[in-house]
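Student: Submitted below is the structure of interest, expressed as structure tokens.
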Amino acid sequence: MKEEYNQHIGIYDESVPLELCNGFVENWEEAKNNQTIVDLSKENDFQVDISPGLQRKDESAFVAPLFSTIFPRPPVKAYFEYLGECFQRYVNKYGIIFDGVLYNEVFKIHKVRKSEGYHAWHYENGEPEYLNRLIVYMTYLEAPEEGGETEFLEQKLRIKPKVGKTLIWPAGYTHMHRGMPPLSGEKMYIDGWFSGQRISNRPPGK
């Protein structure tokens, strides 16, 4: 694995094996057809907002990492082991200490065709229900021949997609970003969030 750090963005080349990335890509259509992801056509058990956002045009699916049957446990488990290595390196690099529980209950897989993408500037905990998101991760599963960069506003940085490359960065407003449209070919990627478990200081029953 090759690692690089730029303004609190961790960039991990060759972090996930190509064959594992290809497996996710090849299973995409089967996964949708079998409805073994969170069903995007109706309200779901995870209370995840699945309405299309402004300036967003892509195809996405929510996957429950711990009990997914669409992308079965072995590849999902393997992916999280590779992601965990990146996350540990990121935490060590910046000396991050969190006195609580971090969790990741769902992640998303995006299929982005030519000219599509999430073109609006945004950050990952910018809505009330997402305030507990602390750290974001993304792994490219499929890379277009041209375009499709992930662009960070304040950092003045564009990162070119590459299969097996993972990015990790803070979820807050300091890291506004957007997805540039593929100009030739398609892009597919995983993204998700390490969130902090909320703890109440009130006595039980109060």
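The values are calculated or read from the model by the stated rules, or taken from the named source; none is laboratory data. In this text, all values refer to a predicted model and were calculated from it rather than measured experimentally. Using ideal geometry, Cβ is built from the backbone for each residue, glycine included, and neighbour counts are taken over all protein chains shown.
Student: Looking at the range 125-172, which of the residues that are out of contact with any helix residue (DSSP H, G or I) (no Cβ under 7 Å at 6 or more places or on another chain) and of a type in the set (Phe, Trp, Tyr) is nearest to SER195 (Cα to Cα)?
Tutor: TYR130
Student: Give the range 101-124 a look and list any residue that's closer than 15 Å to SER195 by Cβ, under 14 Å from the mean Cα position of the chain (by Cα) and of a type outside the set (Val, Ile, Thr), or say none. Before you say what the answer is, go through the steps one by one.
Tutor: Pass one, the range 101-124, residues closer than 15 Å to SER195 by Cβ: 101-108, 123-124.
When the remaining residues are screened for being under 14 Å from the mean Cα position of the chain (by Cα), the result is 103-108, 123-124.
Once the filter is applied, which keeps residues that are closer than 15 Å to SER195 by Cβ, under 14 Å from the mean Cα position of the chain (by Cα) and of a type outside the set (Val, Ile, Thr), the range 101-124 yields TYR103, ASN104, GLU105, PHE107, LYS108, TYR123, GLU124.
Student: Can you pull out every residue in the range 95-117 that is over 16 Å from SER184 (Cβ atoms) and part of a loop (DSSP other than H, G, I, E, B)?
Tutor: Answer for the range 95-117, where residues must be over 16 Å from SER184 (Cβ atoms) and part of a loop (DSSP other than H, G, I, E, B): GLY95, ILE96, ILE97, PHE98, ASP99, GLY100, VAL101, ASN104, GLU105, VAL106.
Student: In addition: Could you list, ordered by first residue, the pairs with Cβ atoms under 8 Å in which the first is in the range 111-136 and surrounded by fewer than 19 Cβ atoms within 10 Å (Cβ to Cβ) and the second is in a helix (DSSP H, G or I), at least 6 apart or interchain?
Tutor: From residues that are surrounded by fewer than 19 Cβ atoms within 10 Å (Cβ to Cβ), the pairs are GLY126/TYR173.
Student: Looking at the range 151-165, is at least one residue among the polar types (S, T, N, Q), surrounded by 16 or more Cβ atoms within 10 Å (Cβ to Cβ) and under 14 Å from the mean Cα position of the chain (by Cα)? Break it down stepwise before answering.
Tutor: Within the range 151-165, the first condition is being among the polar types (S, T, N, Q), and the residues that meet it are 155.
If we keep only those that are surrounded by 16 or more Cβ atoms within 10 Å (Cβ to Cβ) too, we end up with 155.
Narrowing further to those that are under 14 Å from the mean Cα position of the chain (by Cα): none.
No, the range 151-165 contains no residue that is among the polar types (S, T, N, Q), surrounded by 16 or more Cβ atoms within 10 Å (Cβ to Cβ) and under 14 Å from the mean Cα position of the chain (by Cα).
Student: Right, something else. Exactly one of (1) modelled with pLDDT of 95 or more; (2) in contact with a Phe, Trp or Tyr (Cβ under 8 Å, 6 or more places away or on another chain); (3) part of a strand (DSSP E or B) is unmet by GLY164. Its number?
Tutor: So the condition that GLY164 fails would be (3).
Student: Criterion first (among the aromatic types (Phe, Trp, Tyr), surrounded by 14 or more Cβ atoms within 10 Å (Cβ to Cβ), closer than 20 Å to MET188 by Cβ and at pLDDT below 70) does PHE71 satisfy it?
Tutor: Yes; evaluated as a whole, the condition is true for this residue.
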